[in-house]
Structure formats: structure tokens, C-alpha cells
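A short write-up of the structure that comes next.
Read the figures in this text as sums done on the coordinates, not as results from a lab. This is a predicted model, so every value here is computed, not measured. Every residue, glycine among them, receives a Cβ derived from its backbone with ideal geometry; neighbour counts consider all protein chains shown.
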């Protein structure tokens with residue numbers, strides 16, 4: 001009996017690994033197809049990528065304009081704001097590139113095009129994420145990295161091993177949290193069907209919120225984005241360790257390193273929500 005259970009567990013694990021490998025292969029092939037299509041018109045690609053870069057750069061330009069009139073914003077200097085902005089922008093840009101098209105889920109549910117994905121031998125989430133892969137979104141990542149680089153270079157910080165590790169975990173954890181919000185929002189659209197703007201309020205809106213320090217927001221809002229929708233773990237809490245500043249809500253110092261764990265939990269919940277939404281889907285009818 002023990003051997004039978006062991007073999008069953010091993011078979012289930014192999015099956016799960018095989019599904020993941022198959023999903024990644026489908027994603028890679030689909031993305032490669034869209035990239036080839038995009039690169040057919042290289043000048044158009046260059047122009048749209050630059051446009052994406054410039055459009056996102058206006059957000060930081062607004063911050064620069066503020067600092068022509070003030071020396072600090074909420075007690076934070078320009079390099080400190082640049083760290084917050086760059087970390088959130090880079091993490092969000094990575095997810096927007098890899099999963100950004102899932103925000104069209106409501107439209108697929110309404111017009112019935114989701115049905116065509118259900119009959120294909122590939123995970124639906126992978127197909128939705130890879131469809132119409134927009135390589136031009138590299139402009140957002142580039143802009144975020146440039147601002148982050150400026151912030152890291154301009155900060156007067158003693159770069160210990162823990163601070164360097166925190167920056168890495170901040171980017172990875174932030175991408176995981178934003179990814180969970182994208183998938184969870186897409187799952188919600190199975191039921192709401194016309195809720196893309198609701199999803200965007202947490203994804204794009206959350207990115208905009210995190211570009212500014214927590215000290216300029218009401219305490220109740222900071223509680224909400226810490227304990228309800230854990231956006232604070234994207235950059236606020238890790239950045240406090242890097243900057244040596246007091247933690248929001250007097251949280252313990254170990255929370256600065258909790259971003260990957262929070263991201264893993266959020267991804268697990270988003271996965272459950274996605275499966276629930278997919279099981280509840282009943283097509284659009286005639």
C-alpha cells in the first residue's frame with residue numbers, strides 16, 4: 001500500500017511537471033510567432049516601443065516637476081522617490097509584458113472567443129497570456145530600469161549584502177504580486193464580464209500608487225494595501241530596509257524580506273480563483 005501511494009504521488013508529480021513544461025512550450029512558441037510578426041515591420045516596432053517608453057516617462061517627468069518646487073515629497077528625496085518609482089515600474093513592466101493581455105478576458109467571455117481556446121490542447125491561461133504578445137512593452141521596462149538605476153546610483157546608502165539582496169527580492173516579489181493581480185482580475189471577469197477597468201484600478205492604479213512614498217497617504221489606505229491587497233510588499237516595505245527608514249504601520253523589520261512569500265501566497269490564491277472561474281464558465285450561448 002505504501003509503495004502504491006508513493007507511485008501514485010510520483011505519477012501525479014510527473015504529470016504536473018509535464019503540464020508545466022507543455023504550458024511553457026506553448027507560451028514560448030506563441031510568443032515567438034507574435035515576435036516574428038512584430039519584427040516584420042521594424043520601424044513600426046521601434047516607433048511604438050519608443051512611444052510606450054515616452055508615455056510612461058511622463059509619470060516621472062511629473063515627479064521631476066514637483067521637485068522643482070519642493071526639496072522633499074512626504075519627507076523623501078528625489079533619489080528615494082526614484083527607487084520606489086523604478087522598483088514598482090520595473091516589476092509591473094515585466095508582468096505587463098508577460099501577462100498584460102489577460103485583461104481582455106471579459107471581452108473574450110462576452111464575444112465567445114474564449115470557446116476556441118478551450119478546445120485547444122494547451123492551458124487556457126497560457127494561451128490568453130501569450131496571445132497578441134506586445135513586445136513594444138519593453139519600453140515600460142526600460143524606463144523603469146533607467147529610473148531605478150538613477151535612484152540606486154544617487155542614493156547615499158551603505159550597500160551591504162542584505163540591502164543588495166533586498167533589491168533583488170523586491171523586483172522578483174513585486175513581479176509575482178502584480179502577476180497574481182493580473183490573473184486574479186482576469187478570473188473575476190469570468191463572473192463580471194465587463195470589469196477590465198476594475199482590474200486596471202488594482203494593476204495600473206496600484207503601480208501609480210506605489211510610485212509615491214507611503215507617508216503622503218492616509219493611514220487607512222496604507223493598511224488596505226498592506227493587509228488586504230498587499231501592494232506594500234512590492235516596494236514600500238523592502239525599500240524601507242534599503243533606505244533605513246521607519247516601516248509603515250510600525251511593522252517588524254523581517255517584512256522587508258517577505259515579498260517572495262507574499263507573492264507565492266497571492267499567486268496560489270490567484271490560481272485557485274482562475275480555476276474556479278474557468279469551471280464556472282458556460283460559454284456565451286447562441
**Gain on full stretching of the segment that runs from residue 269 to residue 254 - 0.36 nm per residue minus C-alpha separation** = 3.1 nm
**Message:** Tell me the angle of helix 42-66 to the major Cα principal axis of the chain, expressed in degrees between 0 and 90 and rounded to the nearest ten.
**Reply:** 40 degrees
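Going by how many other beta carbons lie within 10 Å of each one, how would you line up 69, 241, fewest first?
Values: 69 6, 241 21.
The fewest-first ordering by Cβ neighbours comes to 69, 241.
If you take the beta carbon distance between residue 37 and residue 157 as r and set R0 to 51 Å, what does 1/(1 + (r/R0)^6) give as a FRET efficiency, to the nearest 0.05?
0.70
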**Prompt:** Looking at the square roots a ≥ b ≥ c of the eigenvalues of the Cα gyration tensor of the range 126-258, which shape do they give, rounded for a/c under 1.5, prolate if a/b is larger than b/c, or oblate?
**Reply:** oblate
**Fill in**
Correct semi-axes for the chain, from √(5λ) of the alpha-carbon gyration tensor and rounded to whole Å with the largest first, are 35, 24, 19
**Asked** Angle between the Cα long axis of helix 161-192 and the longest principal axis of the chain, 0 to 90 degrees, nearest 10?
**Response** 50 degrees
**Prompt:** Could you give the distance between the Cα centres of the range 50-88 and the range 131-149, to the whole Å?
**Reply:** 17 Å
**Complete:** Taking R0 as 30 Å and r as the Cβ-Cβ distance between residue 17 and residue 45, the FRET efficiency 1/(1 + (r/R0)^6), rounded to the nearest 0.05, comes to 0.25
**Message:** Compute the angle between helix 259-280 and the longest alpha-carbon principal axis of the chain, please, reported from 0 to 90 degrees and rounded to the nearest 10.
**Reply:** 30 degrees
**Request:** Provide the packing ranking of 208-219, 180-191, i.e. peptides ordered by the mean count of other C-beta atoms within 10 Å per residue, highest first.
**Result:** 180-191, 208-219
**Message:** Full-extension gain between residue 220 and residue 138, please, as 0.36 nm times their residue separation minus the C-alpha to C-alpha distance.
**Reply:** 26.1 nm
**Request:** Kindly state, to the nearest 0.05, the FRET efficiency for residue 70 paired with residue 172, given R0 = 22 Å and r defined as their beta-carbon distance.
**Result:** 0.10
**Item:** Distance-filtered residues of the range 200-220 - backbone nitrogen under 17 Å, label point 7 angstrom along residue 107 Cα→Cβ
**Value:** 200-201, 204
**Request:** Round to a whole angstrom and tell me the spacing of the C-alpha centers of the range 156-206 and the range 218-232.
**Result:** 14 Å
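Could you give the length gained by full extension between residue 247 and residue 201, i.e. 0.36 nm per residue of separation minus their alpha carbon distance, to one decimal place?
Full-extension gain reported as 14.0 nm.
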**Message:** Can you sort 116, 142 from fewest to most other Cβ atoms within 10 Å of each residue's own Cβ?
**Reply:** 116, 142
